Structures are given as structure tokens and as C-alpha cells.
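Scroll down for the structure; my scribbles are underneath it.
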Amino acid sequence: MSVTSDMLRKMFHEVDEKRDAGLVTPQDIIRYDDIVYGENRDWQVLDVYRPKNVSGVLPVIVSVHGGGWVYGDKERYQFYCMSLAQRGFAVVNYTYRLAPEYKFPASLEDTNLVFHWVLSNAKQYEFDTDYIFAVGDSAGAHILGLYTAICTNSAYAAKYDFCTPKGFVPKALALNCGAYEIKFNENSDDLTQSLMADYLPEKGSLKELEMINVINHVTKDFPPTFLMTSNRDFLKEQPPVMIQKLMEVDVPFVFRFYGDKEHELAHVFHLNLRSKEGQFCNDEECEFFRKFVLK
């Protein structure tokens, strides 16, 4: 493991522990924990959260956690995901295999297994499979963007050894503070660039960079997308690149830029449930999803 990845794991863990200190499972949520969705019981596990007093099928949100491709798990995202469930959704919160222990495309393979699992277990957990949405932030937005491109671009899908569920495409996405175009600069000490050495088997060959840049693989069949960033997001230059691509292929989208002079909002601020701005962002994203649910 590189010094950068080791540092990132320690730093992110400390920040997340402080952010979520004192939070507990809300009384209005029922949760199903530690469900194994693959063969690796240490990594391939997920939780399902539902509003406790709501019966019948619900639209689904699958959450792809962030963490620079080298950090994170469902435990770090449980409170955020349960807050989404409180807004009237069944939410699937999963852990995927991380770099450097597992290289690209392990996280995409696991994401694919999760969507297969959702479709196969819809009856037991009362998922409405006509309305499967997904959210991802930071590296999770990158992973979700690539996975959705695989679902909607047959030429790109052919580059992978796994098969997505036949005919499946998420109904709509929310991509939060994500990376959509990764470039290497020999004179740069960019954090994302440093992490690629742990994430990619060839440490970032030209072939790999072409493969992992989301904007290279978006087509007109990509689903409607909610994009957001904030005034202190270190990746805030990334959404305009994705917006340009979505406009080129006529994919509808909503873009939100949060924060102002009085409110400095950092990368993935929406995960902080004590932040009014974060809760407002999450409200907007869930409302965006609801527009696609036929009554």
C-alpha cells in the first residue's frame, strides 16, 4: 500500500468518526444487516434499510460509497443511508472490495453483483424494481458513473468479463462531488493521480485511463442525472466536464452548486446529517428521484 492510501485511510476514518459520533439507528427505520451478496464474506456484504411503518413495495436507492477507491464500507454510510430511507425509499448500502488489496475492476464487479442481488431479492425486501435509483459520492460517483456506462454502452460493456442484469439501467442517478475525467500530469502531486497507482493494475497506463474516464463512455442512453458539488469541494472542477458530455448526448440533468461566502461546504458535505445544507441537498436529490416514480 502506498503512503498516500495509508494516510487517506487514517485521515478519513478520523473525520468520519467525528462526524457521526453519537448517531444511532432512527426509531422509524427497520434494518437488515450484514447480508452476503457474493462469495467473499469479509467484503461483499450489504445492509437494507426501510421506513418501519410503510408496507408494500418501495422505490430503491443503491448507495455507492466514496473513499478514494481505498477506503470506506457500509458502516461509514449507514446513517446517511438510513436518512435516505426516512425519505420514503428502500436503501441498499454495501461494502465493496477496495484497492490496493483488490485492483480495478473489483469495485465494479461488486457493484454489478449488488444490482443482481437487488433484482433477485426484490420480493423478500419489497423492492419496486421499476424504480431503482443510485447515489454515489467522490470515488463512489466515479464507480457508479462507470457502472451505468457499462449498462448503457454495449461497446464499453464488452471490455469487461461480467454481465449486467439483462435490460437493466438505473432509473436515475445522483452523482455527488465525483471524478469523471482523470488525467495524469508528470509535474503534479494530485491526490487522485497518486491513488491510481494503488487502484489500477498498470498504475495508470494510457489504456487504463481511457477505460476509467466516465465521460469517454457516456451515450444518449445514460439515465437522467443529478450532479452536485460545493464551494470547497476539491473536485469542483469535475462536474462541468460531465455536464458538457451529458449535453452533447442530450441526457437530461440537474446541477446544483452548494455553499456561499457565509457557508463553506467541503467535499461530500451532504454526508453530515447535522448539516442543514447537507440535509437540503439530500432532500433535493430524493425529490429528483420521486419525479420518475409514476403514481
| Just for region 1-46: of the residues that are hydroxyl-bearing (Ser, Thr, Tyr) and within 23 Å of Thr111 (Cα to Cα), which one is least open to solvent (accessible area, probe 1.4 Å)? | Ser5
| task | Answer yes or no as to whether Lys220 is farther than 15 Å from Leu246 by Cβ and either open to solvent by 10 Å² or more (accessible area, probe 1.4 Å) or hydrophobic (A, V, I, L, M, F, W, C) (or both). | result | no
| message | Condition check: in contact with a Cys (Cβ under 8 Å, 6 or more places away or on another chain) and open to solvent by 10 Å² or more (accessible area, probe 1.4 Å). Does Ser120 satisfy that? | response | no
| field | Test for Met247: is it loosely packed, with under 13 Cβ neighbours inside 10 Å, over 21 Å from Phe89 (Cα atoms) and either touching a Phe, Trp or Tyr at 6+ places or on another chain (Cβ under 9 Å) or in contact (Cβ under 8 Å) with a residue 60 or more places away in the chain (or both) | value | yes
| In region 130-152, how many residues are at negative phi, outside any helix (DSSP H, G or I) and under 19 Å from the mean Cα position of the chain (by Cα)? | 7
| Of all residues making up region 43-65, the number that are more than 13 Å from Ile132 (Cα to Cα) and either charged (D, E, K, R) or touching a Gly at 6+ places or on another chain (Cβ under 9 Å) (or both) | 9
| request: Give Lys207, Lys203, Lys171, Lys183 a once-over and let me know the one that is under 18 Å from the mean Cα position of the chain (by Cα) and among the charged types (D, E, K, R). | output: Lys171
| What about Val214, is it out of contact with any Gly (no Cβ under 9 Å at 6 or more places or on another chain), over 25 Å from Arg19 (Cα atoms), among the aliphatic types (A, V, I, L, M) and open to solvent by less than 80 Å² (accessible area, probe 1.4 Å)? | no
| query | Any residue in region 39-59 that is under 16 Å from Val268 (Cβ atoms) and charged (D, E, K, R)? | reply | no
| query | How many residues, within region 189-236, are under 30 Å from Arg290 (Cβ atoms) and of a type in the set (D, E, K, R)? | reply | 5
| query | Checking Arg76 against (1) assigned to a helix (DSSP H, G or I); (2) touching a Cys at 6+ places or on another chain (Cβ under 7 Å); (3) among the basic types (Lys, Arg), which single condition isn't satisfied? | reply | (2)
| note | Among residues of region 234-249 being of a type in the set (Val, Ile, Thr) and out of contact with any helix residue (DSSP H, G or I) (no Cβ under 7 Å at 6 or more places or on another chain), the residue farthest from Gly68 (Cα to Cα) is Val249
| field | Selection within region 16-73 - of a type in the set (A, V, I, L, M, F, W, C) and assigned to a strand (DSSP E or B) | value | Ile29, Ile30, Ile35, Val36, Val45, Leu46, Val48, Leu58, Val60, Ile61, Val62, Val64
| note | Here the residues within region 267-292 that are free of Cβ contacts under 8 Å to residues at least 60 places away in the same chain, over 15 Å from Cys177 (Cα atoms) and open to solvent by less than 20 Å² (accessible area, probe 1.4 Å) are Ser275
| Within region 184-235, which residues are touching a Phe, Trp or Tyr at 6+ places or on another chain (Cβ under 8 Å), part of a loop (DSSP other than H, G, I, E, B) and among the small types (Gly, Ala, Ser)? | Gly204
| note | Taking region 83-106 and the residues there that are of a type in the set (Ser, Thr, Tyr) and surrounded by fewer than 23 Cβ atoms within 10 Å (Cβ to Cβ), the one that is farthest from Ala139 (Cα to Cα) would be Ser83
| task | Give region 130-157 a look and list any residue that's surrounded by fewer than 24 Cβ atoms within 10 Å (Cβ to Cβ) and among the aromatic types (Phe, Trp, Tyr), or say none. | result | Tyr131, Tyr156
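The values are calculated or read from the model by the stated rules, or taken from the named source; none is laboratory data. Keep in mind that what you see is a predicted model, and the values were worked out from it rather than measured. Here the Cβ is made from the backbone with ideal geometry for all residues, glycine too, and neighbour counts use every protein chain on show. These accessible areas exclude ligands, DNA and RNA; they are computed on the full protein's heavy atoms, side chains included. Shrake-Rupley method; radii C 1.70, N 1.55, O 1.52, S 1.80 Å.
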